[in-house]
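Single-structure report; data block below.
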Amino acid sequence: MARRDLPSRVLIVGLGLIGGSLAAALRAAGFGAAEGRTAGFGAAEDRTAGFGAAEGRTAGFGAAEDRTAGFGAAEDRTAGFGAAEKRAEILACDPDAEEIARGVELGLIDRGDTRLTSLLDGVDLVVLAVPVLAMREVMAELAAGLGRAAANLVITDVGSTKGAIREAAVAAFGELPANLVLGHPIAGSEKSGVAAANPELYAGHKVILTPEPGTDSDAVARVRVLWETAGAEVLEMDVERHDEVLARTSHLPHLLAFSLVDTLARQDERLEIFRYAAGGFRDFTRIAGSDPVMWRDIFVANRDAVLHALDDFEDGVARLREAVERGDTDAMLATFDRASHARHYFDSLLNQTSYQAEYQMQAQDQLRYRVSPGGGVSGRIRVPGDKSISHRSIMLGALAEGVTEVSGFLEGEDSLATLQAFREMGVAIEGPHQGRVTVHGVGLHGLKAPAGPLYVGNAGTAMRLFAGLLAGQAFDTELTGDVSLTKRPMGRVADPLREMGAVIETAEGGRPPLRIKGGQPLKGIDYDMPMASAQVKSCLLLAGLYAEGETRVREPAPTRDHTERMLNGFGYKVERQGDTCWLQGGGELAAAPIDVPSDISSATFFLVAAAITPGADLVLEHVGINPTRIGVINILQQMGADLRLENQREVGGEPVADLHIRYAPLKGIDIPVDQVPLAIDEFPALFVAAANAEGTTRLREAAELRVKESDRLKAMADGLAVLGVENRLYEDGIDIVGRAEGQGGDGPSYGGGRIDSLGDHRIAMAFSVAALRASDEIVIDDCANVATSFPGFVTLARRVGLSLEEEREAS
Ligand code: S3P
């Protein structure tokens with residue numbers, strides 16, 4: 001903050017809670033503190049009594065020995081933050097002389113008066129903090145006395161509505177003065193009066209400034225400095241937008257709180273009612289204790305915007321009333337779900353954490369699994385929905401024309417991040433509720449600019465697929481993620497997207513965040529993917545929807561094809577010949593129902609659990625067995641697992657089956673290279689199978705594992721070493737030495753120990769399963785991210801026979 005930007009004499013007109021708190025905050029920041037004052041609101045250390053009496057003060061409103069006039073006037077003091085040649089001062093004007101006296105007494109202001117003109121001499125910043133309807137009169141008085149103020153005077157206000165105050169200013173000054181910067185601190189309290197002044201009232205809160213095209217930019221800069229000194233974050237917005245936003249977020253809730261309390265208070269048995277009113281009533285109605293005059297003024301001043309907000313609210317209440325009347329539980333749940341998610345999201349914005357992080361924080365800080373050695377594996381279970389398909393169901397549902405009903409949706413943090421991102425881009429999404437989601441598609445061109453960066457947490461799939469579809473939008477976006485995602489390579493999508501004409505900025509090394517410029521015409525390309533990645537392929541196909549001409553992608557090895565299948569299911573033709581698929585831009589998607597099968601990647605942990613545990617017999621129901629995902633089945637069968645596919649069928653364009661697995665001794669194999677992309681997410685669990693197999697298992701051409709949620713080759717090698725499993729790491733793979741030949745029987749395969757999952761969900765789950773054949777307990781740190789892909793893992797693991805305890809520790 002540049003010292004020259006600080007005013008030296010601030011005049012606050014209207015010394016109530018808002019004006020008084022600004023004075024308090026400036027004092028707390030050291031502004032205008034008198035010599036010897038050290039803390040608080042500029043209060044002298046050694047004050048003893050009286051109204052603001054400093055040493056030697058005897059009488060009057062804060063008059064010092066050498067003070068001559070007014071309330072607590074001093075002259076030409078030099079010390080204090082922000083002092084130029086003359087000492088920084090805070091003056092106040094208020095029609096209530098007692099408020100001024102109290103302000104001086106509290107050390108918040110230096111002096112004050114009930115008349116404005118007598119205070120204007122040399123003032124260089126005026127803050128109008130009077131009720132909205134008093135603004136016109138105060139401005140007229142100010143206009144009349146302006147000649148006495150400093151030449152570089154800046155005027156600002158704190159009113160809760162801006163349109164009416166702008167009108168008042170034009171009426172008072174004849175035109176909108178260039179040195180008037182209208183503003184509104186989004187902070188307050190139901191308390192009023194200077195006695196309630198709080199130096200922290202603005203700390204971390206937002207202040208909205210609404211400068212006009214003709215407003216002097218230096219004046220704006222100085223008002224900014226003022227609020228930043230008070231600890232606030234300053235934003236700019238135009239007057240109309242401000243009034244609409246505030247009508248909805250502040251004025252409407254106040255109106256409802258006033259009305260509810262009034263309605264209840266009028267009922268005869270009100271005493272009884274209030275006596276039993278609990279937290280819900282208190283939380284909802286706290287603001288009904290606010291200043292009535294101030295709020296009357298606000299509703300007069302912002303009448304039209306408030307009425308619009310009230311109309312929308314009444315429609316919503318009418319819909320809910322009808323649902324309650326009809327006993328329509330689905331409609332009630334859809335509304336409550338939407339609201340509850342939105343409320344959590346709002347909390348996270350306030351706390352400046354992510355939506356997902358907010359959820360996570362409720363459950364963890366540090367989540368640790370403690371898994372006892374041994375246990376059996378049996379039963380029939382259904383693991384949650386497929387993560388890849390869940391992401392895509394929301395994405396394509398949102399971009400489609402019509403309503404998409406999704407069932408089996410994975411309510412994990414990754415796919416919820418995708419869902420939330422679309423809500424932020426204006427898509428109405430009901431649910432999820434028990435796997436059911438209703439997406440009200442907006443069409444390929446119906447998304448709206450989100451208010452801020454889109455946070456996708458741990459989800460690489462979300463970030464990479466979003467990159468493609470956001471490159472085709474008319475608006476700018478920014479994609480961010482958690483610590484793990486921030487380390488993952490995004491150049492693999494940014495580079496080909498740039499070839500298509502997209503404008504994308506990444507952080508160093510092609511890492512997130514991604515800043516994507518909207519409104520760029522895209523053209524189709526013919527792309528030869530350097531790595532086998534379904535995410536890159538899908539990203540380009542999604543961008544291709546918006547591109548002119550044909551977008552073709554060639555893959556060096558088959559990768560999951562859910563995007564192509566789902567696009568075809570939505571009536572958007574994707575063609576394939578051999579290793580290349582392509583589509584034409586400019587079409588339309590038609591909504592279609594989606595039944596998400598269980599995730600084979602989640603099922604894998606239980607397949608391996610059963611495969612390594614003597615006596616195991618387990619059925620995993622309704623698992624997706626898309627040919628591009630069944631590497632794990634092929635590999636386990638090749639290792640000797642007794643694994644059968646039962647009840648095979650097709651559901652909504654994806655093949656599914658019940659997987660029936662019984663224990664059979666495993667043997668080590670060289671994993672066929674063509675199976676690697678088909679089992680890419682399953683290797684952490686497969687390495688545990690390898691540690692229990694007889695002989696050595698070798699994996700190569702799997703360098704992609706190094707850029708997953710963690711470096712999975714290293715994370716697994718380190719963890720296996722802790723258990724005493726011999727292994728050798730290669731740049732693109734690993735050798736794992738399993739049980740020695742002849743070391744038969746049902747005994748343990750390795751020891752126990754403490755494992756760092758590095759926050760990688762699949763590492764955490766793989767080592768949980770490993771405990772079934774360990775000689776000792778396995779403790780796994782940093783397990784909270786299991787919730788990204790497999791909510792309910794612990795419950796299911798216990799149900800089949802693992803002994804797994806969760807421990808939480810606040811970090
Ligand atoms: C995914 C593709 C794979 C996989 C990831 C999900 C997808 O990543 O590892 O968990 O949904 O497209 P790559 O495309 O980077 O191999």
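The values are calculated or read from the model by the stated rules, or taken from the named source; none is laboratory data. On a predicted model such as this, the values are computed, not experimentally measured, just so you know. For neighbour counting, all protein chains shown are included, and Cβ atoms are generated from backbone atoms with ideal geometry for every residue, glycine included. SASA here: full protein model, heavy atoms, side chains in, ligands and nucleic acids out. Shrake-Rupley method; radii C 1.70, N 1.55, O 1.52, S 1.80 Å.
Dipole of segment 244-327 computed with +1 at Lys/Arg Cβ and -1 at Asp/Glu Cβ about the Cα centre; of Leu246, Pro292, Phe274, farthest Cα towards the positive end is Phe274. Once you've got the Cα coordinates, tell me which of Lys206/Lys517; Lys537/Lys667; Lys523/Lys573 are over 23 Å apart. Lys206/Lys517; Lys537/Lys667, as the Cα separations exceed 23 Å there. Axis angle, to the nearest 10 degrees, between helix 163-173 and the longest C-alpha principal axis of the chain: 30 degrees.
Once neighbouring chains are kept in place and the probe is 1.4 Å, which whole percent of the accessible area of the chain is contributed by carbon and sulfur? Intermediate values should be presented prior to the final figure.
Values: 16510 of 33010 Å².
Carbon plus sulfur share of accessible area: 50 percent.
With protein chains left intact and a 1.4 Å probe, residues in the chain average 41 Å² of accessible area per residue. Counting only aspartates and glutamates at least 8 places from Lys191 when in the same chain, those with an alpha carbon closer than 20 Å to its own are Asp94, Asp96, Glu98, Glu99, Glu105, Asp157, Glu200, Asp262, Asp283, Asp291, Asp297. Under 5 Å between amide hydrogens, built in the peptide plane, is the criterion, and for Lys162 it picks out Asp243 among residues at least 5 positions away or on other chains.
In percent, rounded to a whole number, the relative contact order of segment 160-243 is 35, using alpha-carbon pairs under 8 Å and six or more apart. Could you grab the relative contact order for the chain? Cα pairs under 8 Å, six or more apart, rounded to a whole percent. Reported as a whole number, the value is 10 percent.
Summarising the amide proton neighbourhood of Ile755: residues at separation of 5 or more, or on other chains, whose placed amide H is nearer than 5 Å comprise Val779, Ile780, Asp781. For Val574, the amide hydrogen comes within under 5 Å of the amide hydrogens of Asn568, counting only partners 5 or more places away or on other chains and with H modelled in the peptide plane. The angle between the Cα long axis of helix 600-612 and the main principal axis of the chain comes to about 50°, on a 0 to 90 degree scale. Based on the alpha-carbon gyration tensor of segment 399-501 and its eigenvalue square roots a ≥ b ≥ c, which shape applies: rounded if a/c is under 1.5, prolate if not and a/b is larger than b/c, or oblate? Oblate shape, in that a/c is at least 1.5 and b/c is the bigger or equal ratio. Segment 531-580 and segment 746-811 have Cα centres lying 36 Å from one another.
For segment 244-327, what class follows from the C-alpha gyration tensor (a ≥ b ≥ c being the square roots of its eigenvalues): rounded when a/c is under 1.5, otherwise prolate if a/b is larger than b/c, else oblate?
Values: a/c = 2.24, a/b = 1.16, b/c = 1.94.
Oblate, because a/c is 1.5 or more while a/b does not exceed b/c.
Nearest 10 degrees, 0 to 90: what angle lies between the long axis of helix 135-145 and the longest principal axis of the chain (Cα atoms)? For 135-145 against the chain, the angle is about 50 degrees. Legend: P(r) of the chain from all alpha carbon pair distances, 20 Å bins from 0, whole percents, reading 14, 36, 29, 18, 3, 0. Packing, taken as the mean count of other beta carbons within 10 Å per residue, orders the peptides 773-779, 532-538 from highest to lowest as 532-538, 773-779.
Computed about the Cα centre, the dipole magnitude for the chain is approximately 740 debye when only Lys and Arg (+1) and Asp and Glu (-1) carry charge, each at its Cβ.
Between rounded, prolate and oblate, where does segment 388-592 land on the alpha carbon gyration tensor, with a ≥ b ≥ c its root eigenvalues, rounded for a/c under 1.5, else prolate if a/b exceeds b/c? The partial results should precede the final answer.
Working: a/c = 1.35, a/b = 1.11, b/c = 1.22.
In terms of gyration-tensor shape, rounded.
Packing around the peptides 707-718, 314-325, taken as the average count of other Cβ atoms within 10 Å per residue, puts them in this order, highest first: 707-718, 314-325.
Taking K and R as +1 and D and E as -1, what net charge do the other residues with C-beta under 14 Å from the C-beta of Pro292 add up to? Here the count lands on -2.
In straight-distance terms, cross-link reach from Lys714 covers every one of the lysines whose alpha-carbon lies under 18 Å from its own, apart from those fewer than eight places away in the same chain; here that gives Lys487. Scan segment 133-235 for GluC sites (Glu not before Pro) in coil per DSSP, keeping those whose Cβ has at most 15 other Cβ atoms within 10 Å, and list them by number. Sparse-neighbourhood loop GluC sites (Glu not before Pro): Glu175, Glu190, Glu200. Per-residue ellipticity at 222 nm, computed for the chain from helices alone with -39500 (n - 2.57) per DSSP H run of at least four residues, works out to -11000 deg cm²/dmol.
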